[in-house]
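One structure below.
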Amino acid sequence: ITDQATYSLADITTRALTVSGLSASNKPYDGNTAAAITGTAVVTALSGDNVSISGSSTGTFDTKHVDNAKAITISGNSLSGNDAANYTVGQQTGLTADVTAKALTVSGLTANDRAYDRTRDAGTINTTEVIFTGLVSGDEVTVAATGTFDTKNAGVDKTITLVSSNSGADVGNYI
């Protein structure tokens, strides 16, 4: 029997460690993708190895928009310690949270005076002076409105019931 005269080569690959211990909180819509992360990031290395978690856990939603159980991507964690080079870090997965709609108040709508015409129709309401209280800077929301007078009779400072509709790229983020 002759033994192999040369040796063979093989690799020792790094062991993957996955971060755990984090959770996410729901938030009201604020126009950004930042997610509130709580808890303490932990990893468990092999017994006797000197490995700890370092860095700061950061969470990011996939979009800024309102939705339930939105997936969150975690980043910012790294490994330190004498044996850290023997490991790779995997960020925690499976975190979700809700982004809830933000209150938006519309004001500044005005009706135009008109002559008596036997109807209660107030026509299209003027939106040129509209004010959106609670609108996040940079968001696109518009309003269109029509109105109906309380009676068909002539009068001063008559009450008008408005029917409005909102539109725009970000309208779904508001209530």
Requested in this report: Go through the range 66-82 residue by residue and turn each phi into a ³J(HN,Hα) via Karplus (6.51, -1.76, 1.60, θ = phi - 60°); whole Hz please, and just put x for glycine and proline.
Outcome: 5, 5, 9, 6, 6, 5, 10, 9, 9, 8, x, 8, 9, 10, 9, x, 4
Query raised in the report: Where does each of Arg120, Arg114 land when they are ordered by accessible area, with a 1.4 Å probe and the largest first?
Result: Arg120, Arg114
Report task. For the chain, report the accessible area per residue in Å² (1.4 Å probe, heavy atoms, rounded to an integer). Result -> 64 Å²
Query - Nearby aspartates and glutamates by direct alpha-carbon distance to Lys152 (threshold 15 angstrom, same-chain neighbours under 8 apart not counted) - result: Asp113, Asp117, Asp121
Query raised in the report: Could you give me the ³J(HN,Hα) list for the range 20-32, computed from phi with Karplus coefficients 6.51, -1.76, 1.60 and θ = phi - 60°, whole Hz, x at Gly and Pro?
Result: 9, x, 9, 9, 10, 10, 5, 8, x, 3, 9, x, 10
Report summary line: Using a 1.4 Å probe on heavy atoms of the protein chains only, the accessible area for Val171 in Å², nearest 10, reads 50 Å²
Report task. In a Gaussian network model over the chain where Cα atoms closer than 10 Å are linked, find which of Tyr116, Tyr29, Tyr87 has the largest mean-square fluctuation. Result -> Tyr116
Query raised in the report: Under a straight-distance cross-link criterion of Cα-Cα below 27 Å, which lysines are reachable from Lys102, leaving out those fewer than 8 residues away in the same chain?
Result: Lys27, Lys64, Lys70
Requested in this report: Would you mind computing, in nm to one decimal, how far apart the modelled labels at His65 and Ala16 are, each placed 7 Å from Cα along Cα→Cβ?
Outcome: 3.1 nm
Report task. Could you please state, rounded to a whole Å, how far the C-alpha centre of the range 1-53 is from the C-alpha centre of the range 98-145? Result -> 52 Å
Query raised in the report: Restricting to the chain, what percent of DSSP beta bridges are antiparallel, rounded to 5?
Result: 80 percent
Requested in this report: Pick out which of Gly59, Gly31, Gly90 has the largest mean-square fluctuation in a Gaussian network model of the chain, springs linking Cα atoms closer than 10 Å.
Outcome: Gly90
Query - Residue-span extension gain [Ser165 to Tyr116] - 0.36 nm each, minus C-alpha spacing - result: 15.0 nm
Report summary line: Share of accessible surface on carbon and sulfur in the chain, whole %, 1.4 Å probe and ligands ignored, is 49 percent
Query raised in the report: For Asn153 and Asn126, what does the FRET efficiency come to when R0 = 25 Å and r is the distance between their Cβ atoms, rounded to the nearest 0.05?
Result: 0.65
**Report entry** Phi to ³J(HN,Hα) by Karplus 6.51 cos²θ - 1.76 cosθ + 1.60 over the range 94-109, Hz, x for Gly, Pro
**Finding:** x, 7, 9, 7, 9, 10, 9, 5, 9, 5, 10, 9, 9, 9, x, 6
Query raised in the report: Top mean-square fluctuation among Ile37, Ile12, Ile74, Gaussian network model of the chain, C-alpha springs under 10 Å?
Result: Ile12
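The values are calculated or read from the model by the stated rules, or taken from the named source; none is laboratory data. Owing to the predicted nature of the structure, the values given are computational and were not obtained by experimental measurement. A quick note on method: Cβ atoms are made from the backbone with ideal geometry, for glycine too, and the neighbour counts reach across all protein chains shown. Keep in mind that these areas ignore ligands, DNA and RNA; they rest on the heavy atoms of the full protein, side chains included. Shrake-Rupley method; radii C 1.70, N 1.55, O 1.52, S 1.80 Å.
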